[in-house]
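Asker: First the structure, which I've put down as structure tokens, then a few questions once you've had a look.
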Amino acid sequence: MKLYMDGNKGELAGDLTDLAVTGNCIDLLSDSLEQIESAGAKNIRIDCGRVLKADVGGLRLLYVWMQCARFRGIELELVNLSEVLRQAVRGIGRGHGFTLQSA
């Protein structure tokens, strides 16, 4: 999994799965929150159009990252989700914790 940030926009790419999530990914997400906070951005759109697949473990990591952002006063909105990814988010029972772009 990779995360690219540019101002108030970001992009997730690759696999959001247990196998693809490594310590480097966790460090990347943590560093991204530091960068977002220091830039003063409060609303960030994360494009998920290049997420190839996801599983419960990857989605839980994404959920925790989004909650950490909220604790810092940053609202992350997931956009451009495939229908499969959208259903996976709802399927883990945490759809209420994700901010998704309206379909």
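Asker: Across 5 Å bins from the origin, how do the percents of Cα pairs in the chain run, short distances first?
Answerer: 3, 13, 27, 28, 20, 8, 1
Asker: At 7 Å along the Cα-to-beta-carbon direction for both Tyr4 and Gln87, put a label point, then send me their distance in nm to one decimal.
Answerer: 2.8
Asker: Then there's this: 7 Å from Cα along Cα→Cβ at both Asp31 and Asp18: what's the point-to-point distance in nm?
Answerer: About 2.7 nm, to one decimal.
Asker: Thinking of region 17-57 as a set of Cα atoms, what percent of all their pairs are more than 13 Å apart? All intermediate terms of the calculation are to be shown ahead of the outcome.
Answerer: On the way: 538 of 820 pairs.
Here the tail beyond 13 Å accounts for 66 percent of pairs.
Asker: Provide the packing ranking of 60-73, 41-54, i.e. peptides ordered by the mean count of other C-beta atoms within 10 Å per residue, highest first.
Answerer: Per-residue mean Cβ counts within 10 Å order the peptides as 41-54, 60-73.
Asker: Follow-up question, since we're still on this one. Show the residues, 5+ positions off or on another chain, whose built amide H is closer than 5 Å to the amide H of Ile46.
Answerer: Those qualifying (amide H under 5 Å, at least 5 residues apart or on another chain) are Gly10, Glu77, Leu78, Val79.
Read the figures in this text as sums done on the coordinates, not as results from a lab. Remember, it's a predicted structure, so these values are computed and weren't measured experimentally. We place every Cβ from the backbone using ideal geometry, glycine too, and count neighbours over all the protein chains shown.
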